[in-house]
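Let me begin by presenting the structure, written as structure tokens, before commenting on it.
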Amino acid sequence: MSAKPVIGIPVDALDVNGKPFHGVGEKYVNAVAHGCHAIPFFIPAFGAGPELDTLHDLLEVDEVLDRIDGLFLTGSPSNVEPRLYGGEARHGDLQHDPQRDVTTLPIIRRAIERDLPILAVCRGYQELNVALGGTLYQKVQEVPGLMDHREDKDAPREQQYGPAHPVRLVEGGRLQRLLGASEIQVNSLHQQGLDRLADDLQAEAIAPDGLVEAVSHRGDLHFLLGVQWHPEWRFRENPASTALFAAFGEAAREGALKRAA
């Protein structure tokens with residue numbers, strides 16, 4: 001067996017000059033390869049249809065999960081389709097990716113059943129909540145009492161991904177214990193966010209406006225954390241991000257060794 005764990009990364013279905021592609025941001029791949037010291041394994045967006053949850057039978061999902069030691073759910077320009085969490089499709093300006101939805105949601109549920117280490121970021125964080133029965137705000141900035149969490153798209157990329165606001169880490173929570181801090185500064189590049197938290201999830205970090213920005217699973221799982229911000233961005237320069245990816249990589253290594261024993 002390889003000394004490095006294999007971490008699965010579901011990809012986006014993209015339109016590039018009118019041609020279909022599968023792809024994922026390089027910064028996510030770098031964080032897995034160098035932050036987790038793992039081998040990135042791309043999981044293609046298999047396809048979509050009217051019955052999103054029926055396109056994968058259990059065998060197909062298990063065949064994917066048999067090949068990986070951890071699951072990394074990345075951010076994306078697209079959003080989870082609102083009909084998957086009972087939302088109204090009233091925002092025609094939002095980008096969606098039903099092929100990714102049909103891939104990730106069944107994989108998330110089965111990965112949790114198998115206690116596979118999971119780290120979820122931005123869209124992946126929202127997917128995690130939806131997969132377990134939670135709901136989303138489609139436009140956080142339009143919700144009374146909540147801040148505008150979007151980045152300035154006219155600003156340089158470095159500024160877009162720069163520190164935007166603090167989050168308070170829940171006392172005694174898994175993220176607080178991992179990072180050894182009560183508060184950290186995070187970037188903010190999203191307009192969707194968690195509305196109703198899934199029953200199986202618990203809050204790990206709270207933004208100043210009360211929005212839940214990190215979660216863990218209520219069960220006794222080996223490793224499951226989701227964050228709304230982007231720790232993969234220049235992760236080496238941020239101690240909290242470095243610690244998060246190192247812990248995820250170690251959990252994947254431990255799981256791989258256990259399954260191989």
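Annotations
- Reported label for calculated percent of Cα pairs over 24 Å apart given (1) 44; (2) 64; (3) 50: (1)
- Using θ = phi - 60° and Karplus 6.51 cos²θ - 1.76 cosθ + 1.60, couplings along segment 190-199 (whole Hz; Gly, Pro as x): 9, 10, 9, x, 6, 9, 8, 6, 4, 4
- Residue-normalised accessible area of the chain, given per residue in Å² at a 1.4 Å probe: 46
- Under 5 Å, built H, 5+ apart or other chain: amide partners of A120: L73, L225, G226, V227
- Overall form of segment 140-204 per C-alpha gyration tensor (a/c, 1.5; a/b vs b/c): oblate
- Placing dummy labels 7 Å off each Cα toward the beta-carbon, the span from K19 to D199 is 4.8 nm.
- Computed from the C-beta positions of D93 and A261, the FRET efficiency with R₀ = 51 Å rounds to 0.50.
- The heavy atoms of R168 offer some 130 square angstrom of accessible surface to a 1.4 angstrom probe.
- Cα gyration tensor shape of segment 64-191, rounded if a/c is under 1.5, else prolate or oblate by comparing a/b with b/c: oblate
- Kyte-Doolittle at least 0.0, axis length at least 30 Å by Cα - qualifying DSSP helices, the chain: 239-260
- Whether segment 173-261 is rounded, prolate or oblate, judged on the alpha carbon gyration tensor where a/c under 1.5 counts as rounded: oblate
- Antiparallel bridge percentage (DSSP; both residues within the chain; nearest 5): 60
- To put it simply, the accessible area of the chain at a 1.4 Å probe is 49 percent carbon and sulfur.
- Candidates per chymotrypsin sites (Phe, Trp or Tyr not before Pro) in segment 221-253, loop by DSSP, up to 15 other Cβ within 10 Å: none
- The distance linking segment 174-243 with segment 105-154 is 11 Å (Cα centroid to Cα centroid, whole angstrom).
- Taking 0.36 nm per residue of sequence separation and removing the Cα-Cα distance, the E183/A155 pair yields an extension gain of 7.5 nm.
- Computed 3J(HN,Hα) for segment 70-75, one whole-Hz value per residue from the Karplus formula 6.51 cos²θ - 1.76 cosθ + 1.60 where θ = phi - 60°, is x, 10, 10, 9, 8, x, glycine and proline marked x.
- Solvent-accessible area of F42 with every protein chain in place, 1.4 Å probe, in Å² to the nearest 10: 110
- Once all protein chains are placed together, I206 keeps about 30 Å² accessible to a 1.4 angstrom probe.
- Among L119, L257, the sequence by solvent-accessible area, most first, with a 1.4 Å probe is L257, L119.
- Around G162: net Lys/Arg minus Asp/Glu count, Cβ-Cβ under 12 Å: -2
The values are calculated or read from the model by the stated rules, or taken from the named source; none is laboratory data. Given the structure is predicted, the values throughout are model-derived calculations rather than measurements. All Cβ positions, glycine included, derive from the backbone under ideal geometry; neighbour counts span all protein chains shown. For accessibility, only protein heavy atoms count, side chains too; no ligands or nucleic acids. Shrake-Rupley method; radii C 1.70, N 1.55, O 1.52, S 1.80 Å.
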